[in-house]
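Asker: One structure, as structure tokens, below. Some questions next.
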Amino acid sequence: MRHSGFESNPEWRTRYLGPGWDLAKVRGTRFNTGDGIRMALEIGASPKGNWSGCHAVGWDRNAPEFGDLAVGDGFQKHSYPWGIMLNANGERFVDEGADFRNWKDAEGDRLLDAGRAENDPAKRKAIYLDLQKRIADGVAGNVELVSILSRDPAPPPVSYIERSGGLYRDMMIHDFDMARFLLGEDPVEVYAVGSSLVDPAIGKAGDVDTAAVVMKSASGKICQISCSRRATYGYDQRVEVHGSKGLLTAGNIHETTVGFAGKHGFTTDPALNFFLERYANAYRNEVEAFIDAVIEGRAPSPSGLDGLKAQQLADAAQASLDTGKPVKVG
């Protein structure tokens, strides 16, 4: 059985998410109070899923207690041009002047990717940093082809699509940053195709939900990226780097490493459900890396320029989709 959540119930939020969550604003409906879940549990249904986590975003403290259809996501805070942000020590920790949502999103993306962790939180292995290091060490030889695959478990609501800037700027921008990181050089040509196959409403909103991009660098290296807003089997993110000596891969992270083999073949537990679960340690690593850079007096990496270059690739992909032609970059 599946029901709506309990985000509109302050008592349940406090019970399952922790102290202070009763004070949170709800950007959605006031009617998701968990009644359906409660009734199912009362007749013997077994609880399932993640009860101690949620998807939360920066929200205006002066917003109403619940979502307003007339305003939509207008209270969401992705940029901070009219003030400064301070931590508990009264110190600034973000560049409020970089008032470009996707630029800021991509700027931290490589640090997030660097922290994609194994299932054991104590290991917190930087998988994509390790992948890049092996490329630099020549394990796969000269890089010839990079393939990046990214598929979300389900599409966002159309109200989000309308304000997102489009799939290339909202979803694939992370992959553009990863492509630069793994290629070791900037793409100079971008060709994009896209369709609306998952939800016709996304197409009516002027966006695509299924897309692919091919990019070429000045030295001739090729990178292909494919994205979908839907994967019925869960959050799917994989990378392959093909070179003159072999192939390097980075696969999905599963809920556990337990598997079963029987007469019908091999089975494993599902991949982690979404970015909240998969990148929990990555966000922690990002904050720690930034703090270390500040303490040591060095510029953080990646830089704002890296974020801007990812944005330029996203813009080029959108232009290619609009024109049906390859677009030169740089």
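Asker: Could you figure out which of (1) within 22 Å of the chain's Cα centre (by Cα); (2) at pLDDT 95 or above isn't true of Y191?
Answerer: Just one mismatch for Y191, condition (1).
Asker: Are any residues in region 15-66 under 22 Å from F275 (Cα atoms), surrounded by fewer than 13 Cβ atoms within 10 Å (Cβ to Cβ) and of a type in the set (A, V, I, L, M, F, W, C), and if so, which ones?
Answerer: V57
Asker: Could you check region 299-330 and list, in sequence order, the residues that are farther than 20 Å from N89 by Cβ and in a loop (DSSP other than H, G, I, E, B)?
Answerer: A299, S301, P302, S303, G324, K325, P326, V329, G330
Asker: Please state which of the following conditions I202 fails to meet, knowing it meets all the rest: (1) among the β-branched types (V, I, T); (2) touching a strand residue (DSSP E or B) at 6+ places or on another chain (Cβ under 7 Å); (3) in contact (Cβ under 8 Å) with a residue 40 or more places away in the chain.
Answerer: The one condition I202 does not meet is (2).
Asker: Restricting attention to region 160-169, does a residue exist that is in the same structural domain as I202 (by TED's automatic domain parsing), without any contact (Cβ under 8 Å) to a residue 40 or more places away in the chain, farther than 30 Å from A218 by Cβ and within 18 Å of the chain's Cα centre (by Cα)?
Answerer: Scanning region 160-169 turns up no residue that is in the same structural domain as I202 (by TED's automatic domain parsing), without any contact (Cβ under 8 Å) to a residue 40 or more places away in the chain, farther than 30 Å from A218 by Cβ and within 18 Å of the chain's Cα centre (by Cα).
Asker: Only residues that are more than 13 Å from I161 (Cβ to Cβ) and surrounded by fewer than 20 Cβ atoms within 10 Å (Cβ to Cβ): list them for region 197-216, please.
Answerer: L197, T210, A212, V214, K216 - these are the residues of region 197-216 that are more than 13 Å from I161 (Cβ to Cβ) and surrounded by fewer than 20 Cβ atoms within 10 Å (Cβ to Cβ).
Asker: I'd like the full set of residues that are exposed (fewer than 13 other Cβ atoms within 10 Å of the Cβ) and either in a strand (DSSP E or B) or among the small types (G, A, S) (or both), limited to region 252-270.
Answerer: Correct list: G259, F260, A261, G262, G265, F266, T267.
Asker: Still on this model: Take the residues in region 229-281 that are in contact with a Pro (Cβ under 8 Å, 6 or more places away or on another chain) and basic (K, R); name whichever of them is nearest to I202 (Cα to Cα).
Answerer: Among them, the one singled out is R229.
Asker: When you look at Q311, is it under 23 Å from G330 (Cβ atoms), over 17 Å from the mean Cα position of the chain (by Cα) and either at pLDDT 85 or above or β-branched (V, I, T) (or both), yes or no?
Answerer: When the stated conditions are applied, Q311 does not pass them.
Asker: Same structure again: From the list N285, N281, N273, exactly one residue is of a type outside the set (G, A, S), outside any helix (DSSP H, G or I) and either loosely packed, with under 15 Cβ neighbours inside 10 Å or assigned by TED's automatic domain parsing to the domain that holds L182 (or both). Which is it?
Answerer: N273
The values are calculated or read from the model by the stated rules, or taken from the named source; none is laboratory data. Note that the structure is a prediction, hence the values are computed from the model and not measured. When we count neighbours, we look across all protein chains shown, and the Cβ atoms used for this are built from the backbone with ideal geometry, even at glycine.
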